[in-house]
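Student: Provided herewith is a single structure, encoded as structure tokens, for subsequent inquiry.
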Amino acid sequence: TLTWLSLLMKQWYQRRVRGDRTVRIWDSSTTNCLWTIQHEALILGLSFNEESSLIAVCCDDKTTKIWDNRSYEEVATLTGHANSVTCAAQNGTTIATGSLDKDIRICDIRTGSLLLMLSGHTSAVSSVDMSTDGHKVCSASWDKTVRVWDLHAGTYRTHGPRIMYEHEGCVSCCKFASDNEKIVSAGYDKTVIIWDAMATKKRHQIRAHGSWINGVAMSRDSKWLVTCSKDRTIRMWNVSDADKMPVVLHNKLSMGYKYTECTDCSRTFKVEQRDLIETGEELTQCVYCRMPARDYYLNAGESAADLKAANADMIQQSPVLQDVAQEA
């Protein structure tokens, strides 16, 4: 039976991992099977890199097998995990693997040399992904968290990874958007969460399926989201303007948030309790339209530095504008 499916947009090959312990490479235009990889161990996941054409196959015998999609030859066998390898992500030179042993190993994909060990999850690591620039790794776990590890700055060494807790059940998958600005995750709570990768804050939450979600992918332009679930459906979502999606608005309203439309620009915005306390009345304008005109134009005799200083003072005095500045 089909146990795992890698969803990648505009991909020439379809890779299928089967319970018969094979990986099969398919030509999506002709539906012909190009070649089959046979393994002795049960296959739990895989990762494919378009540029290097390397396929990483995660096995329950604690190894990761690296295959060359051009020569059809095995390149390397990576070892080191203390339990089954559940997931992998690669950029052609390095690979991140996650395991039931709760650790993430960053290795040279061809030699298998260990470069970094990331520890911190309190349960099995179910999914990993690397940013396109290779600077960050995101990981999902059965401990209900998504974590972001900054490999470039190395801040995780002293401060740990950035941890995101919004899921109510085990998290089964996580992916970076191609622009590295967003992370999308999904899991056993049947929801998809779109995160701000820099601020590590939740942007949107979608109750997407009737059962747990086991796969997620985002298009290169970040406008489309694809999810697959144990409810036997694959669904495609237009998230280019997620704030106006009925399912997103329903979820937010169910959590007690109040939304209204700005009378000036027609933007839908959330009315928070502190907004009502500050103004003492119902808000009719979004935060952008409430910003004074001097935020956009120089007054006579004013320099750009004067405008910047004035805007900084204005933001410092308003919690609402502080949030906008952080999200910008």
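The values are calculated or read from the model by the stated rules, or taken from the named source; none is laboratory data. These figures come from a predicted structure and were not determined experimentally. Cβ: placed from backbone, ideal geometry, glycine included. Neighbour counts: every protein chain shown. Side chains included, ligands, DNA and RNA excluded: accessible areas come from the protein's heavy atoms. Shrake-Rupley method; radii C 1.70, N 1.55, O 1.52, S 1.80 Å.
Student: For residues that are in contact with a Phe, Trp or Tyr (Cβ under 7 Å, 6 or more places away or on another chain) and open to solvent by less than 10 Å² (accessible area, probe 1.4 Å), scanning just the range 119-138, find the one that is modelled with the lowest pLDDT.
Tutor: Once the filter is applied, the top-ranked residue is SER131.
Student: Return the residues of the range 43-53 that are open to solvent by 50 Å² or more (accessible area, probe 1.4 Å) and either part of a strand (DSSP E or B) or touching a residue at least 40 places away in the same chain (Cβ under 8 Å) (or both); say none if nothing qualifies. Can you show your working first?
Tutor: Our first condition is that a residue be open to solvent by 50 Å² or more (accessible area, probe 1.4 Å); within the range 43-53, this holds for 44, 50-51.
LEU44, GLU51, listed by residue number.
Student: Test of understanding: among THR36, THR77, which residue is modelled with pLDDT of 90 or more and part of a strand (DSSP E or B)? Lay out the reasoning, then the answer.
Tutor: Details: THR36 fails: modelled with pLDDT of 90 or more.
Just one listed residue meets the conditions, THR77.
Student: May I pose another question? Could you check the range 43-86 and list, in sequence order, the residues that are polar (S, T, N, Q) and in contact with a strand residue (DSSP E or B) (Cβ under 9 Å, 6 or more places away or on another chain)? Outline the logic, then answer.
Tutor: First, the residues of the range 43-86 that are polar (S, T, N, Q): 47, 49, 52-53, 63-64, 69, 71, 77, 79, 83-84, 86.
If the condition is that a residue be polar (S, T, N, Q) and in contact with a strand residue (DSSP E or B) (Cβ under 9 Å, 6 or more places away or on another chain), then SER47, ASN49, SER52, SER53, THR63, THR64, ASN69, THR77, THR79, ASN83, SER84, THR86 are the ones that fit.
Student: Does the range 139-146 contain any residue that is closer than 15 Å to VAL171 by Cβ and touching a helix residue (DSSP H, G or I) at 6+ places or on another chain (Cβ under 9 Å)? Can you show your working first?
Tutor: Just the residues of the range 139-146 that are closer than 15 Å to VAL171 by Cβ, to begin with: 139-146.
Adding the requirement that they be touching a helix residue (DSSP H, G or I) at 6+ places or on another chain (Cβ under 9 Å) leaves none.
For the range 139-146, residues closer than 15 Å to VAL171 by Cβ and touching a helix residue (DSSP H, G or I) at 6+ places or on another chain (Cβ under 9 Å): absent.
Student: In the range 148-194, what residues are aromatic (Phe, Trp, Tyr) and either touching a Pro at 6+ places or on another chain (Cβ under 6 Å) or more than 19 Å from ILE213 (Cα to Cα) (or both)? If you could, list the steps in order and put the result at the bottom.
Tutor: Filtering the range 148-194 down to residues aromatic (Phe, Trp, Tyr) leaves 149, 156, 165, 176, 188.
TRP149, TYR156, listed by residue number.
Student: So which residues in the range 132-154 are under 18 Å from LYS201 (Cα atoms), out of contact with any Leu (no Cβ under 9 Å at 6 or more places or on another chain) and among the polar types (S, T, N, Q), if there are any at all?
Tutor: Residues satisfying the conditions are SER141, THR145.
Student: Of the residues SER172, SER211, SER219, which is open to solvent by less than 30 Å² (accessible area, probe 1.4 Å) and at pLDDT below 90? Give the derivation first.
Tutor: Details: SER172 fails: at pLDDT below 90; SER211 fails: at pLDDT below 90.
On inspection, the qualifying residue turns out to be SER219.
Student: Give me the residue from the range 139-156 that is hydrophobic (A, V, I, L, M, F, W, C) and over 24 Å from ASP189 (Cβ atoms) and, out of that set, least open to solvent (accessible area, probe 1.4 Å).
Tutor: The initial filter retains those residues of the range 139-156 that are hydrophobic (A, V, I, L, M, F, W, C), namely 140, 142, 146, 148-149, 151, 153.
Cutting the leftovers down to over 24 Å from ASP189 (Cβ atoms) gives us 151, 153.
Working: LEU151: 38, ALA153: 67 Å².
Ranking the candidates gives LEU151 first.
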